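Asks: Have a look at this one.
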Amino acid sequence: MAVEIPPLIKPSRLRRRGGLLGECMAEFLGTFVLISFGCGVVATAVAALPGSGRAATPTTIFLAAGDWLLITFGWAFAVCFGVYVAGGVSGAHLNPAVTLAMAIRRGFAWTKVLPFMLSQVVGAFAGAALVYLVYHNAISAYDQAATGPKVNGRTNATFSIFATFPAAYFHGGVWGPLIDQIVGTAFLLMLIAALIDLRNQAVKANLGPLLVGFVVAAIGMSYGANAGYAINPARDFGPRLLTYAAGWQSYAFPGSVSGVYSGYWWIPIVGPLVGGTIGILIYDLFIGDVLLVRAELGELPEPGRARGVKEVDEE
């Protein structure tokens, strides 16, 4: 039985939200949901579970692969529900790399690119602020209990709740983490393009957001350990701004840990923007163009089978 839902604000005052303003509001809220649950699951794994006595010690994290699976599935759900929230209004990009790729290859209006990106960054900042509000006691407890290098009393471990950094085995190099972000985001856009392509085996029954979440989980499981699989400039930059304001200082900007890495802050921005563009171009080159040619020919052979050869009867 359908239920009529009255508006909170008079329809005459809602008209401004019917266009770009409403889409930006949806991008803000969708990204807010994404970061609230994504950074929230990392806060649970890094600070809340150890601090609440649910781990071996107050600073015990990542003893086994299960800890990483908790985070990868948490981010998958975060993406899924963020897309469900915003998808009907803005298409739920929630990621500047997605917005740029859609402008380059899917006809998304260039005039909307910067407003969308700004809304995503602000939404990410707000989501990170909520996580900090909820978990600041656990974060402080972890930082106090932890030994080793600290900046302003903060640790790199608690910084990782909000933003990303490269593994020590890169020895501070740029190219390894940059390639990692390009590859991860290329897969993200390639698979998103496949999932939403109605010419291909498109997802039915509004399951697209769920499968996009699965895509993010797959990337995290396969390519996440190198640099935390930001694969989204807003997802990293917005929370990074929050951590800088909250006292993590050089961990956030310029993104440095003495003897491990330095000046990292720009890599989760540039890498995903480049990778997303590459990913959607690869999809269109190998799959999209083939589907277009088949549609123009008007004869679609079964997937995996060659087109039949017409026989000419001899007289």
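All of the numbers you see were taken from the coordinates with simple rules; none came from a lab. Every value quoted in this text rests on a predicted model; they were computed, and no experiment measured them. Note that each Cβ is placed from the backbone with ideal geometry, even for glycine, and that neighbours are counted across all protein chains shown.
Asks: Sort the following peptides by mean Cβ neighbour count (other Cβ atoms within 10 Å, averaged over residues), highest first: 254-262, 12-20.
Replies: 254-262, 12-20
Asks: Could you put T60, T243, T99 in order, starting from the residue whose Cβ has the fewest other Cβ atoms within 10 Å?
Replies: Working: T60 12, T243 22, T99 27.
If I rank by nearby Cβ atoms, fewest first, I get T60, T243, T99.
Asks: Another question about this same structure. If I stretch the segment between Q144 and Q249 completely, what's the gain in nm (0.36 nm per residue apart, minus their alpha carbon distance), one decimal? Could the numbers behind the result be given before it?
Replies: Values: separation 105, 0.36 × 105 = 37.80 nm, distance 1.69 nm.
Contour length minus Cα-Cα distance gives 36.1 nm.
Asks: Can you give the Kirkwood hydrodynamic radius of the chain from its Cα pairs, in Å with one decimal?
Replies: Kirkwood hydrodynamic radius for the chain: 21.0 Å.
Asks: How large is the dipole of the chain about the Cα centre if only Lys and Arg carry +1 and Asp and Glu carry -1, each at its Cβ, rounded to the nearest 20 debye?
Replies: Computed charge dipole of the chain: roughly 1300 debye.
Asks: Still on this structure: Sort E4, E23 so that the residue with the fewest other Cβ atoms within 10 Å of its own Cβ comes first and the one with the most comes last. Write out the running numbers ahead of the final one.
Replies: On the way: E4 4, E23 20.
Going from least to most buried by this count: E4, E23.
Asks: Arrange the following residues from fewest to most other Cβ atoms within 10 Å of their Cβ: D289, D143.
Replies: Ordered from fewest to most neighbouring Cβ atoms within 10 Å, D289, D143 come out as D289, D143.
Asks: May I pose another question? Which ³J(HN,Hα) values in Hz, rounded to whole numbers, follow from the phi angles of segment 33-41 under the Karplus curve 6.51 cos²θ - 1.76 cosθ + 1.60, where θ = phi - 60° and Gly and Pro get x?
Replies: Ordered by residue, 3J(HN,Hα) equals 5, 3, 6, 4, 7, x, 5, x, 5 Hz.
Asks: Just going by the charge dipole of segment 18-296, with Lys and Arg at +1 and Asp and Glu at -1 on Cβ, which of L291, T57, P233 is farthest out on the positive end?
Replies: Of the options given, the answer is T57.
Asks: Hey, what angle do you get for helix 65-90 against the long axis of the chain, alpha-carbon based, 0 to 90 degrees rounded to 10?
Replies: Roughly 60 degrees between the two axes.
Asks: Going by alpha carbons, how many degrees (0 to 90, nearest 10) lie between the helix axis of 267-283 and the longest principal axis of the chain?
Replies: Approximately 20 degrees, to the nearest ten.
Asks: Further, regarding this structure: Obtain the nm distance between the two label points defined at L118 and W266 by a simple spin-label model: each point lies 7 Å from its Cα along the Cα-to-C-beta direction.
Replies: Taking the two extended label points, one gets 2.3 nm.
Asks: Another question, if that's okay. So, in nm, how far is label A202 from label E4 when the simple model puts each one 7 Å beyond its Cα toward the Cβ?
Replies: With each label placed 7 Å out from Cα toward Cβ, I get 3.2 nm.
Asks: Given only helices, namely DSSP H runs of n ≥ 4 each adding -39500 (n - 2.57), what is the per-residue ellipticity at 222 nm of the chain, to the nearest 500 deg cm²/dmol?
Replies: For the chain, the value works out to -19000 deg cm²/dmol.
Asks: Follow-up question, since we're still on this one. What number, in percent, do you get for the relative contact order of segment 54-137 if the mean sequence gap of Cα pairs under 8 Å and at least 6 apart is divided by its residue count?
Replies: 15 percent
Asks: Let me ask another. For segment 180-232 and segment 1-54, what is the centre-to-centre distance using only Cα atoms, to the nearest Å?
Replies: Value for the Cα centre distance between the two parts: 21 Å.
Asks: Something else about it: Mind checking the angle between helix 96-105 and the chain's longest principal axis? C-alpha axes, 0 to 90 degrees, to the nearest 10.
Replies: The helix 96-105 is inclined about 20 degrees to the chain.
Asks: Let me ask another. Grab the Cα-Cα distance for T57 and N137, subtract it from 0.36 nm times how many residues apart they are, and report the gain in nm with one decimal.
Replies: Between T57 and N137, full extension yields 27.1 nm more.
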